[in-house]
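What follows is a set of notes on a single structure, which appears directly below.
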Amino acid sequence: MSTSTDLRIPDAPADHTDDENLVVARKRHPWRWVISAAVLIVVAQFVHGLATNPGWDWATFAQYFTASSVLSALWMTIKLTLWGTVLGFALGVLLAIGRLSNNPVLQVVSWTYIWAFRSIPLIVQLLFWFNIAYLYKTLSIGIPFGPAFFEFGVAGVISGFTAAVIGLALHQAAYSAEIIRAGIISVDHGQIEAANALGIPRYRQFVKIVLPQSMRAILPNAANEVISLFKGTSIVSTMAIAELFYQVQVIFGRTGRVVPMLMVATVWYIILTTILSIGQYYVERHYARGSARALPLTPWQRVVAKYREIRDSGIGAPRGATK
């Protein structure tokens, strides 16, 4: 006769705790509220000063903010920025290719150009090109130490605006070349090796593989350079070119209203810089499509989504019901 022992583990006592009765203690952040209140007080004092201090002279600001002379000077600033950006980045692409090439001559020439133009202050470059006619009366195109095929006078070709564009573009090219080169070398070389193994042509490798990935590294720094160039056009005022800052100086030199005229220039710089920043955001978002499964909502999409959430929150709920 055999006996067996029935070993049973006693059931654990049932947990009858009602989850709805649990109280979650929120973590308090008193210093966060103190700091926020202090910052708001400082901001309120600054706004109060803007609104009540007669020294700002907002009437003069409103009078000249959209004056024809100011708008004409603003357009000159935009043109200088546009030409400097287009020509500067076009030359920067060539310099970056030269730095990355296997040709030692191109490497040395590109490196020397970048080294030289990053070392010389922008104002020195602008004044040099503005006074180039004192150094070269005429320029010719032909064979070195041989006959010239075409010759023209410098003073009649290189105007103040042309000299400013040349100076800004050559200065911008030195910085954009390094930005572009850094973006290209940031792409994993293994992808290029895989593309070579698959027999993909080099042009398609650059357009389909290297460029979309390098743009994610190039765009933030490139946008900063464009914004810096836009503000740097104020240095052109030393060449008596009627850009925004020069025109503002002319007006407050005639009227004596220094602060409101400086505010005119400041607000226009802020407006156009904001437009450039918005454009930068959407271009970066375009090239970020391959780096995430789903792109985050844009600010406008978040506003629309929040509005729809608030609008639809009460649909279907009986009167007196709470959510």
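Every residue in segment 280-323 that is in a helix (DSSP H, G or I), at pLDDT below 75 and open to solvent by 80 Å² or more (accessible area, probe 1.4 Å), please.
Going through segment 280-323, the residues in a helix (DSSP H, G or I) turn out to be 280-287, 289-291, 299-312.
When the remaining residues are screened for being at pLDDT below 75, the result is 289-291.
Matches in segment 280-323: R289 only.
The residue that is nearest to M239 (Cα to Cα), among those in segment 127-142 that are open to solvent by less than 90 Å² (accessible area, probe 1.4 Å) and at pLDDT below 80, is A133.
Hey, does segment 257-270 have a residue that's open to solvent by less than 60 Å² (accessible area, probe 1.4 Å), in contact with a Lys or Arg (Cβ under 8 Å, 6 or more places away or on another chain) and under 23 Å from G84 (Cβ atoms)? Scanning segment 257-270 turns up at least one residue that is open to solvent by less than 60 Å² (accessible area, probe 1.4 Å), in contact with a Lys or Arg (Cβ under 8 Å, 6 or more places away or on another chain) and under 23 Å from G84 (Cβ atoms).
Restricting attention to segment 268-298, the residues that are over 18 Å from the mean Cα position of the chain (by Cα) and more than 24 Å from L211 (Cβ to Cβ) add up to 1. For A240, the conditions (1) closer than 26 Å to A169 by Cβ; (2) at pLDDT 85 or above; (3) loosely packed, with under 14 Cβ neighbours inside 10 Å are fulfilled apart from (2). Suppose we keep only residues that are modelled with pLDDT of 85 or more and of a type in the set (S, T, Y) within segment 187-233. Which one would you say is nearest to G84 (Cα to Cα)? Selected residue: T233.
The values are calculated or read from the model by the stated rules, or taken from the named source; none is laboratory data. Predicted model, so just to flag it, every value in this text is computed and none were measured. For neighbour counting, all protein chains shown are included, and Cβ atoms are generated from backbone atoms with ideal geometry for every residue, glycine included. Just the protein is used for accessible areas: all its heavy atoms, side chains included, with ligands, DNA and RNA removed. Shrake-Rupley method; radii C 1.70, N 1.55, O 1.52, S 1.80 Å.
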